[in-house]
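Novice: Quick one: the structure is below, questions incoming.
The values are calculated or read from the model by the stated rules, or taken from the named source; none is laboratory data. Model, not experiment: these values are computed from the prediction. Glycine also receives a Cβ, built like all others from the backbone with ideal geometry; neighbour counts cover every protein chain displayed.
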Amino acid sequence: FSELLLLSLSCLIGLIKKMHYAYSMKWLLCLYMTFAFAQDYSLNLEKNKAVPNFAAQVLLAEGSANRVNAGIAYRLKIGDKIQANDKILTRENSQLKLELVDATILDLGSSTEIDLTQFDFRDKNDRDFILSISKGQIRAHYRNKALKGQLLVKTRAAQLEVKGTELLINQQSSDLKDISEFVLLSGEAKLIDSKSSLHQLATDTIHIEVREQNTGNSFRETINLNSKQKKYYGAHHMDEKNQFKPFYPFFKKDNLLKESPLYATFFPDTIVKKDDMPIEEATGQTSDESEEWMQKLNQLNKKLKENQF
């Protein structure tokens, strides 16, 4: 490569000496673009096409965001390239919008951390991509469908297998629990929980997945979006490449209803066991009725004992 570069520079110097300056500058620009292209793309001989060497590019940036590679942090700005195995972090009150080379649009909310764990791109409809979310909020629109098992999203509580899908994902941890929220706006997604059980997600729903860190046990609840929520979070009137669409707010345990299947998980002390209940609550009888019933039972047992031979 170095010999080729030296040879090209030698030829360029000769051209500058012999040709008009403006014509020589065209050759210089062409040479620069060739080397720049070679850095970002490689030739796929099997498909006879140029394939990007990077995974994504920054479309929008508000506040502060970094990519971390080999322990070194790089401040991100519009136009920057993201490589496979990069860790992406946004600061508080910051947002970042990425376009992946398969045309997927990925928005990161405030205080979010993700990893491009795997990105093997062959074609926009043929790629293997694993996105890992450690914390925060993302909005993802996979605009091109993929084959089964090619697109995975991993959180601390579960993982998703997605296709041509638009969804919102939140990840947080508190009270020794990992809490993941999935809002499926369109497309298909299958959830695999911590016990490897499979759950098909329905569109226009909020799926809350909770994993206990100590036991590994999983608990879940699914809630339907109402018409106003569908319109607001769908945000179809917005330009997803040039505007940040809304994220879904984080789960708060204090908003749980007592009827929720997650209530006992977060408030175990409020669940009264049957043995600890007053007699009238456990049996449906008053204490007076229970006492009268016990007296009759004792009298019956006494008579049976007296009549024994």
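Novice: Which one is surrounded by the most Cβ atoms within 10 Å (Cβ to Cβ) among residues in region 104-149 that are polar (S, T, N, Q), at pLDDT 90 or above and within 16 Å of Pro52 (Cβ to Cβ)?
Specialist: Among those that are polar (S, T, N, Q), at pLDDT 90 or above and within 16 Å of Pro52 (Cβ to Cβ), it is Thr104.
Novice: Now for a separate question. So, Ala202, is that one touching a residue at least 24 places away in the same chain (Cβ under 8 Å) and either crowded, with 17+ Cβ neighbours inside 10 Å or not in a strand (DSSP E or B) (or both) or not?
Specialist: No.
Novice: Also, quick follow-up: Among the residues of region 205-229, which ones are crowded, with 16+ Cβ neighbours inside 10 Å and either polar (S, T, N, Q) or out of contact with any Ser or Thr (no Cβ under 9 Å at 6 or more places or on another chain) (or both)?
Specialist: Result: Ser218, Arg220.
Novice: Scan the strands (runs of 3 or more DSSP E) fully inside region 85-177 and keep the ones with 2 or more residues being within 26 Å of Gly216 (Cβ to Cβ), of a type in the set (Gly, Ala, Ser) and touching a strand residue (DSSP E or B) at 6+ places or on another chain (Cβ under 6 Å). Step through it out loud before you land on a result.
Specialist: Numbers: elements: 87-90, 95-100, 105-108, 113-123, 126-141, 151-154, 159-162, 166-174.
In region 85-177, 126-141 are the strands (runs of 3 or more DSSP E) which contain 2 or more residues that are within 26 Å of Gly216 (Cβ to Cβ), of a type in the set (Gly, Ala, Ser) and touching a strand residue (DSSP E or B) at 6+ places or on another chain (Cβ under 6 Å).
Novice: Let me ask another. Filter region 58-84 for residues that are assigned to a strand (DSSP E or B), surrounded by fewer than 16 Cβ atoms within 10 Å (Cβ to Cβ) and of a type in the set (A, V, I, L, M, F, W, C) and give the result.
Specialist: Within region 58-84, Leu60, Val68, Ile72, Ala73 qualify.
Novice: Just to verify a result, which residue in region 230-242, among those that are surrounded by fewer than 15 Cβ atoms within 10 Å (Cβ to Cβ) and free of Cβ contacts under 8 Å to residues at least 24 places away in the same chain, is farthest from Leu98 (Cα to Cα)?
Specialist: Ranking the candidates gives Lys231 first.
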